[in-house]
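Input: a single structure, listed below in structure tokens.
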Amino acid sequence: MKNYDHTKIERKWQKEWEAKKLYHAKTKAKGKKFYGLIEFPYPSGSGLHVGHIRSNTAMDIITRKRRMEGYNVLYPIGWDAFGLPTENYAIKTGKQPEKVTKENTDMFRKQLKACGFGFDWSREINTTNPAYYKWTQWIFLQFYKKGLAYKTKTMINWCPKDKIGLANEEVVNGRCDRCDGPVEKREKEQWMLAITKYADRLDKDLDDVNYLEKIKIQQRNWIGKSEGSEIDFTIKNFPEKVTVFTTRADTLYSAFAVILAPEHSLVESLKGQIENWSDVEKYISDVKKKTDIERTAEDKEKTGIELKGIRAINPINNEEIPVWIADFVLVHYGTGAIFADIHDERDHAFGKKYGLPMRRSIEPVFHASDHPIRDGLPVIKRNAICAVIRNPKDDTYLCSVWRDMHMHGLITGGVEDGEDMVKAAMREIYEETGYKNVKLVNNPDIAIHSTFFHRKKQENRWARFQYMFFDLIDKEKDEIDEKEAAIHDVVWKKRSELDNFFSVVEGEFVLNLIDTGDYIHTGEGILSNSGPHTGMTSEEARKKITEAIGGKIVTKYKLRDWVFSRQRYWGEPIPIIHCQICGYVPVPEKDLPILLPKVKSYTPTDTGESPLAAISTWVNTTCPHCKGKAKRETDTMPNWAGSSWYYLRYTDSKNKKEFASPKALSYWMSKKSGGVDWYNGGMEHTTLHLLYSRFWHKFLYDLKLVPTHEPYMKRTSHGMILADDGSKISKSKENGVNPIDVIKTYGADTLRVHEMFMGPFDQAVPWNSESLIGSRRFLEKVWRAATLLETKNKNSHKEIEKTLHKTIKKVTEDIETMSFNTAVSSMMVLVNEIEKQKEISRKDFMMFLRILCPFAPFIAEELWHQMGEKKSIHRAPWPAYDSQKIIDEEITIVFQVNGRVRTERKIPRDLSEEEIKALAISDSVVIPWIDGKEIKKIIYVPGRLVNIVV
RNA sequence: GCCGGGGUGGCGAAAUUGGUAGACGCAUCAGUCUUAGGAACUGACGAGAGAAAUCUUGUGGAGGUUCAAGUCCUCUCCCCGGCACCA
């Protein structure tokens, strides 16, 4: 046998597989099917780098395994080719985007084929192909007909450099996702898709799909569902009212202002009544001028202005409060209006800045963790005080140390019914410490609730502690009661000594209070100062207060409608006609596709119009409705459009009558299996493509055009491959390695094995060309193993057979959990074992080739045929391991003494526990460690170890 | 700030879910082969001590639970990704 010549082998089988249409998927009526999907690439000019093919290789392995398991497999590929990079390249070079796309896809196709991916090339699609985008336009028209596509004047994110409107998802930290330049706000007419209509289902239906948990979490955060109340505030002396949204209706009693977004409609309608209108107007125009970066970068200081002469009435207590506008209130979230209250950090800062009077209405609850209340016993409520007593002369604080309970705290005590709180505090201070002369310096109306089990009295307590600040006048004191003295000591502590002093659960709260004299509670708790609602829990109060004022319980989302138009050339034209008489008229479906016209200049204009607007022969048309003069929409779709439904097209990519036939859809995306079986892609698409395509799919489902309510059953994600210095691979840095270069020197199989072996699939790994050689050596060993076989072709070698079956088990399981790195490593162990034993039976080797072939399809196919097989290995069945053959007759048992390993021994598998323990205590290595000591306990972990405790 | 994911040899990493820490691979060192370089093969390879058997120590840090902790609990530091005025 010759040396392993990867170039020759890979060329040969690539041709052969193509000629035999080995990976072509046939749409059938029934039977086991598997639809594996990877994100189709954007064919950029720089070609694929090694990072791109990690996902493809993984899914290639999975789909190859499925084929061998008897599934009818669809593993398709295509091109997501509309978009900016191609257009920008066209502008720069003067080449037509179609031509650029053709060149790039040709290059990508070659690269992908060289990697040996088992794609069904017969179903290849391209989003820029009119036969494809006809259906993208068609789906848009369905959105339009259902009222989910609409044009509206809106403030959009505008990138002045790219001259393009951006979706929220394309703005990163106030900068353009593409060019990193600052983004401005511009008011523009834009086409929108009403994704918010589906917000609830996009959130809820995540329960029905098998996505990685982190993907679900990220989507849920993005959708941002929150439940709260809508509450109406009336405006004093005017008929208007303002509706606010809050998730914390329980804090309504501490509302100190109503704050509107500057763009709120009420501002305009009350214009005449606002006494300081010119100032307000100036504030609003200043806010509008700011970019997002300026708005958020300004050290987060809140700004606002009061609408003088306007007062709102708090519906819960008819209190009159001021009305403000502030730029931190967002017009597009909730109702664009809030009430401000002290229990919100931001509102509190705002109130403090502008000197607005504020009042508390929520008190925190602390549950003692070391002695919690016990079930089954009644809970006794108590009013109590807690005194912060400071000696101003040496800046020390009076503390209590309860001796037998190891409890450290301040001076506390119960309040008798009807007793004045301050007097009670004075009394407690005298009784507990003996100090006679203290004076109250601050009683800030701060209280906490504390639950605990009273160990002395053996009862459950719920105490409300009111905090007060005292200064010591002088140290004159009386002896305290003997009983008191026996329980606790009284000590003076410096502030610096207090940090780790308090043993109580509210320790941090107390320190904060001592330091600032204040405490802003932003969590839930017990209501105070809340009229009839005082004493309720936050949760209960939210319901009761909303009910009491006739408010509504509502759900709001952070998700916003999708800005769907771009003022660029290289995208799908939006199939709408503007008629002076009829308004917006959809292009009749029979006229689709609306083709992109040939154009001389692709350069966008700063007026914000697409280059298409300059082509009068294309723009001017007749209205399909009234036959009058009309103009075409010149905006194009964002490049997320084509990818929102491409997985549907794959099922029937050549269909001219429908985007895909119901027959093909119901087979490949059957109700039973629930859509694409497994979709792997990048985390960066979680809140973009993945969410968009779920939205489109649900819309099509509602039109009964697709069989499932979700497009993808299972979604996983790969970690990025980084450059060798750990930085991101980027075109500008030119730090990406071309897979073709690796294939030339080492072969595609080596590249594939290496990419899977590098590290955990879901984690980022830096590329390292040096370690590639390890994977190559592995394949060389496989090649040599076939040589061993020619001379020694006999029955199974026992050890090899055992390792083989263990390996089959490991690889079978690891592919399912995407633990490809450990799958490869277990095959390496097997091949090392074969080298060591210098033999393997033909039968065993053939089995090994079948688990290797998804990883290294070329070498496996070659050796398979050298063994005399006629059919492709990729159509052979997946091997099953024999669990009987995995069992070791001898097991290695570790002997430990006090948990430390002392020795290990090989023993027959069938020894009883008693026999093994006996072996352990009589072991020559063990004896010195236990000699002369009492054996307290012997622990036996079956098949693992014996631990002798002395 | 909030939500995720991490931290284990010189490096990429394993660890049956509480049971021999470092499988597998890279690099390195020694050896075999070779005119030489390389390739290939054999062996060593966390740190410290020792001629060796072996002992001690070791999974970001500090405590804790346990016969036994990389794994569980409490606190803490650092790195990566996402979101970020969302009421």
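The values are calculated or read from the model by the stated rules, or taken from the named source; none is laboratory data. Just so it is clear, the structure is predicted and the values come from calculations on it, not from any experiment. Cβ sites come from the backbone with ideal geometry, for glycine too, and all protein chains shown count toward neighbours. SASA here: full protein model, heavy atoms, side chains in, ligands and nucleic acids out. Shrake-Rupley method; radii C 1.70, N 1.55, O 1.52, S 1.80 Å.
Between A:K544 and A:K457, the contour length at 0.36 nm per residue exceeds the Cα-Cα span by 27.7 nm. Using alpha carbons only, the radius of gyration of the range A:315-430 set against its Kirkwood radius gives Rg/Rh = 1.10.
A simple rule links phi to the HN-Hα coupling: the Karplus curve 6.51 cos²θ - 1.76 cosθ + 1.60 with θ = phi - 60°, which for the range A:33-43 gives 10, 9, 10, x, 9, 10, 5, 6, x, 8, x Hz, with x for Gly and Pro.
Given a Förster distance of 45 angstrom, what is the FRET efficiency for A:V894 paired with A:K493, based on the Cβ-Cβ distance and rounded to 0.05? So, using R0 = 45 Å, E works out to roughly 0.30. Evaluated at q = 0.10 Å⁻¹, a Debye calculation over the C-alpha positions of the range A:811-950 (equal weights, vacuum) places log10 I(q)/I(0) at -0.55.
The listed peptides A:777-783, A:25-31, A:856-862, ordered by packing as a protection proxy, come out as A:856-862, A:777-783, A:25-31 (highest mean of other Cβ atoms within 10 Å first). Using the Cβ-Cβ distance between A:K627 and A:K656 with R0 = 35 Å, the FRET efficiency computed as 1/(1 + (r/R0)^6) comes to roughly 0.80. Contact order, relative form, for the range A:297-438: 12 percent (alpha carbon pairs under 8 Å, 6 or more residues apart, mean separation divided by residue count).
Structural descriptor for chain A: relative contact order 14 percent, calculated from alpha carbon pairs under 8 angstrom and at least 6 residues apart.
The modelled label-to-label distance between A:H367 and A:D591, using points 7 Å beyond Cα along the C-beta direction, is 6.7 nm. Extension gain, A:A131 to A:K483, is 117.3 nm, computed as 0.36 nm per intervening residue step minus the present C-alpha separation.
Averaging 1/r across all pairs of distinct Cα atoms in the range A:1-89 and inverting the result yields a Kirkwood radius of 15.9 Å. The separation of the range A:145-222 from the range A:28-91, counted between C-alpha centres, amounts to 25 Å. Note on A:L705: accessible area approximately 60 square angstrom, rounded to 10, probe 1.4 Å, nucleic acids and ligands left out.
Taking trypsin sites (Lys or Arg not before Pro) across the range A:493-602, the ones in a DSSP loop with at most 10 further Cβ atoms lying within 10 angstrom of their Cβ are A:K598, A:K600. Computed from phi, the 3J(HN,Hα) profile of the range A:764-776 under the Karplus parametrisation 6.51, -1.76, 1.60 (θ = phi - 60°) reads 5, 9, x, 6, 9, 5, 4, 7, 3, 4, x, 5, 5 Hz, with x in place of Gly and Pro. Quick check: from the Cα gyration tensor, does the range A:225-346 come out rounded (a/c under 1.5), prolate or oblate? It is oblate, given that a/c is not under 1.5 and a/b is not larger than b/c. Here chain A is treated with +1 on each Lys and Arg Cβ and -1 on each Asp and Glu Cβ, and its dipole about the Cα centre works out to around 5820 debye.
Taken over the C-alpha atoms, chain A has Rg and Dmax values of 36.9, 109 angstrom.
In plain terms, the chain from A:K204 to A:L722 could stretch by 183.0 nm, reckoned as 0.36 nm per residue minus the Cα-Cα distance.
Using per-residue counts of other Cβ atoms within 10 Å, averaged over each peptide, order A:267-276, A:926-935 from highest down.
Per-residue Cβ counts within 10 Å, averaged per peptide and sorted highest first, yield A:267-276, A:926-935.
Take A:W640: with every protein chain present and a 1.4 Å probe, its accessible area is about 40 Å². Testing the spin-label approximation: label points 7 Å from Cα along Cα→Cβ at A:S269 and A:Y519. State their distance in nm. Spacing of the two 7 Å Cα→Cβ label points: 4.3 nm. Our coupling estimate for the range A:631-640, obtained by passing each phi through the Karplus curve with A = 6.51, B = -1.76, C = 1.60 and θ = phi - 60°, is 10, 7, 5, 9, 6, 10, 7, x, 6, 7 Hz, Gly and Pro reported as x.
Given an 8 Å cut-off on Cα distances and at least 6 residues of separation, report the relative contact order of the range A:615-730 as a percent. Computed value for the range A:615-730: 23 percent relative contact order.
Within the range A:299-335, list the GluC sites (Glu not before Pro) lying in a DSSP loop whose Cβ has at most 11 other Cβ atoms in a 10 Å radius.
A:E301
Under the simplified labelling scheme, the A:K552-A:Y430 pair shows an inter-label distance of 6.0 nm, with each label point 7 Å from Cα along Cα→Cβ.
Given a 1.4 angstrom probe, what's the average accessible area per residue across chain A, in square angstrom? Could you put the intermediate results ahead of the total?
Values: 43740 Å² over 950 residues.
Per-residue value: 46 Å².
Here are some pairs, A:K197/A:K225; A:K241/A:K552; A:K110/A:K163; A:K153/A:K600; A:K21/A:K110; A:K302/A:K552; which of them have Cα atoms lying more than 23 Å apart in this structure? Where the Cα-Cα span goes over 23 Å, the pairs concerned are A:K110/A:K163; A:K153/A:K600; A:K302/A:K552. Computing FRET efficiency as 1/(1 + (r/R0)^6) for A:K870 and A:R944, where r is the C-beta to C-beta distance and R0 is 35 Å, gives about 0.15. Nonpolar atom fraction for the range A:569-704, defined as the carbon and sulfur part of the 1.4 Å probe accessible area, stands at 56 percent.
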